Amino acid sequence: MQTLRASKCGLSTTQLPSSILDVIDSLTKAGYAAYIVGGGVRDLMLGLNPKDFDAVTDATPAQVKEVFGRRCRIIGRRFELAHVYSGRELIEVATFRAPPKKAVTSASGMILRDNNWGTIEQDFARRDFSINTLYYQPRQGIVLDFCNAVEDVKSRTLRFLGEPAQRFEEDPVRMLRALRFAAKLNFQIDQSILDVFNPDMTQLLRDVSPHRLYDESQKLFTMGHLTRVLPMLIDFGVWKQLFAEIPPNITAFIERAARNTDQRIQIGKTINPAFFYAVLLWKPFIERCDFYLNKGIVPAEARAQAGLDVLKRQATRTIIPRFAETFIREVWEMQTRLLNPKPQQIEALAGHARFRAGFDFLLLREKSGDTQTEGMGVWWENYQEMSVDQKEAAIRQYNRQRTRTRRKVADADEAKVSEIEPLVNEPEPRNRRAKKERVRTTESANRFIEKATMDPHQIHADHPILKRKRVQRDLSQVVFGPTQ
Ligand code: ATP
Ligand code: MG
């Protein structure tokens with residue numbers, strides 16, 4: 001073990017938020033050892049902005065609770081942990097762990113439960129990658145390095161502590177962690193890991209709970225390097241395990257959505273992690289819709305059933321929480337609404353809670369070459385930029401266009417109808433009088449039809465149909481389609 005000067009590793013207390021210093025100081029004052037460990041130290045050394053700081057101590061969770069009182073909650077079963085609230089932030093405080101005494105493992109060697117407290121050396125040995133094992137004591141200004149981890153940080157290498165195959169068997173989620181760190185930090189994966197990281201090994205992911213895999217998938221989606229990690233998921237055979245029903249192929253739509261997600265994270269915009277699931281599952285959803293439509297099921301019902309089916313199948317791998325499922329189905333349902341909105345509903349649609357996500361989705365589809373959107377992505381994009389007057393004009397124009405298209409469709413349908421043989425063949429009239437009568441009724445029927453279909457401008461201004469008031473529904477309150 002080496003004790004390094006923190007300043008030599010590029011670390012200083014000025015980089016740390018007061019919340020983590022508060023936790024370290026309180027534990028030290030109470031007589032316990034306390035360090036910052038893991039991703040926070042690693043990221044600071046790499047000049048990155050850590051997403052959080054984890055603390056580790058020789059105090060048991062119960063003792064941590066004694067120090068922080070009501071600011072502390074003990075959580076977890078497999079790993080008992082203390083959550084400490086400092087200001088508005090939450091710091092995870094773990095107790096040094098020893099290897100499990102009694103092997104509480106599954107048939108495939110996976111550790112199921114272990115709350116066995118130990119020394120800092122034992123705690124170190126249980127961690128996954130060398131770069132995640134630096135212990136930083138900010139007040140003493142020291143870093144404890146048990147395995148030359150600083151060298152691995154410098155040479156940007158991802159290396160396991162111990163034997164890679166065994167480390168994967170103990171916890172197959174480490175496969176996802178390996179790809180996440182390699183992509184996020186732009187590190188190379190050490191050859192000893194590559195040697196065992198094959199499709200056979202990824203089969204072990206089938207033993208991991210779909211809840212945990214969902215959490216890990218979210219971390220992959222939101223780390224800011226989704227474009228880099230997606231091809232890796234395919235190459236290493238992890239994709240097949242996580243998204244069994246989604247073809248392992250990065251389509252133009254998926255690629256564009258991934259780039260968009262990364263860019264949003266880079267500029268600090270919020271993202272809904274379920275959005276990317278909506279993107280990934282879009283193709284299976286459309287195929288399933290077609291399956292039901294071909295069976296003659298009405299479109300709304302087909303979409304509802306297809307949505308349920310696709311999410312249910314995905315749940316065998318990663319269980320998407322209910323609220324995220326609702327979000328995904330609403331984004332899909334929005335695609336239909338945005339594609340062919342009723343003119344009088346356009347403004348309300350633009351104010352709907354799901355509009356933004358639905359619109360982003362539509363535009364991504366369109367920009368990645370999906371012609372099914374019929375240019376409505378750009379139409380909505382322009383619409384949002386318009387003044388009130390421009391919006392009214394745009395809606396009028398859209399309405400005219402829509403009526404024309406509908407008429408064309410109706411004409412086509414009519415043409416089809418006239419080709420169909422009448423169900424009842426009217427017999428030819430026998431006598432002259434009857435023939436005359438038939439001609440007369442046909443002529444008057446034609447006159448009636450002519451009148452009814454004449455130019456609407458000729459309808460008088462006080463025609464009752466023009467006096468009818470339209471009832472505006474507040475669509476921002478309506479939850480669409482299958483989630484109703
Ligand atoms: P980040 O927070 O940036 O995703 P991290 O390295 O901090 O990365 P966490 O999941 O926060 O990752 O875990 C904190 C530390 O706990 C890790 O650095 C690692 O030392 C240890 N750890 C986490 N998960 C595992 C695991 N599955 N096996 C072994 N050690 C782990
Ligand atoms: Mg962390």
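Miscellaneous remarks
- Filter pass, residue 199 being touching a strand residue (DSSP E or B) at 6+ places or on another chain (Cβ under 8 Å) and either closer than 26 Å to residue 79 by Cβ or away from ligand 2 (no atom under 16 Å from the Cβ) (or both): no
- Residue tally, condition more than 15 Å from the chain's Cα centre (by Cα), basic (Lys, Arg) and more than 21 Å from residue 207 (Cα to Cα), over the range 306-352: 2
- Evaluated against (1) touching a Leu at 6+ places or on another chain (Cβ under 8 Å); (2) assigned to a helix (DSSP H, G or I), residue 326 falls short on exactly one condition, (1).
- Odd one out for residue 224 among (1) within 20 Å of residue 167 (Cα to Cα); (2) not in a helix (DSSP H, G or I): (1)
- Criterion applied to 69, 39 was being of a type outside the set (A, V, I, L, M, F, W, C) and on the phi > 0 side of the Ramachandran plot, and the one residue passing it is 69.
- Looking only at the range 60-85, and only at residues there that are within 16 Å of ligand 2 (Cβ to nearest atom) and modelled with pLDDT of 90 or more, the one that is surrounded by the most Cβ atoms within 10 Å (Cβ to Cβ): 82
- Taking the listed residues 194, 179, the one that is crowded, with 18+ Cβ neighbours inside 10 Å and not β-branched (Val, Ile, Thr) is 179, with no other qualifying.
- Residues of the range 48-59 classified as outside any strand (DSSP E or B) and at pLDDT 95 or above, total: 3
- When residues of the range 44-65 are limited to those that are of a type in the set (D, E, K, R) and in contact (Cβ under 8 Å) with a residue 24 or more places away in the chain, the one farthest from residue 120 (Cα to Cα): 52
- Subset of the range 1-60 that is in contact with a strand residue (DSSP E or B) (Cβ under 7 Å, 6 or more places away or on another chain) and among the polar types (S, T, N, Q) - its residue that is nearest to residue 115 (Cα to Cα): 60
- Breaking point among (1) buried (at least 18 other Cβ atoms within 10 Å of the Cβ); (2) modelled with pLDDT of 95 or more; (3) away from ligand 2 (no atom under 16 Å from the Cβ), for residue 93: (3)
- Residue in the range 208-220 that is out of contact with any Phe, Trp or Tyr (no Cβ under 7 Å at 6 or more places or on another chain), at positive phi and within 16 Å of ligand 2 (Cβ to nearest atom) present: no
- Test for residue 47: is it within 20 Å of residue 131 (Cα to Cα) and away from ligand 2 (no atom under 14 Å from the Cβ): yes
- The range 228-256, residues that are of a type outside the set (Val, Ile, Thr), in contact (Cβ under 8 Å) with a residue 40 or more places away in the chain and either farther than 18 Å from residue 180 by Cα or outside any helix (DSSP H, G or I) (or both): 236, 243, 244, 245, 252, 253, 256
- Counted residues, the range 18-41 - those being assigned to a loop (DSSP other than H, G, I, E, B) and either more than 30 Å from the chain's Cα centre (by Cα) or over 24 Å from residue 184 (Cα atoms) (or both): 4
- Answer residue from the range 282-314, given it is touching a Gly at 6+ places or on another chain (Cβ under 9 Å) and of a type in the set (A, V, I, L, M) and is surrounded by the most Cβ atoms within 10 Å (Cβ to Cβ) among those: 304
- The sole residue among 22, 43, 52 that is within 14 Å of ligand 1 (Cβ to nearest atom) and either crowded, with 17+ Cβ neighbours inside 10 Å or over 28 Å from residue 148 (Cα atoms) (or both) is 43.
The values are calculated or read from the model by the stated rules, or taken from the named source; none is laboratory data. Fair warning: this is a prediction, and the values are worked out from it, not measured in the lab. Please note: Cβ atoms are built from the backbone with ideal geometry, for glycine as well, and neighbour counts cover all protein chains shown.
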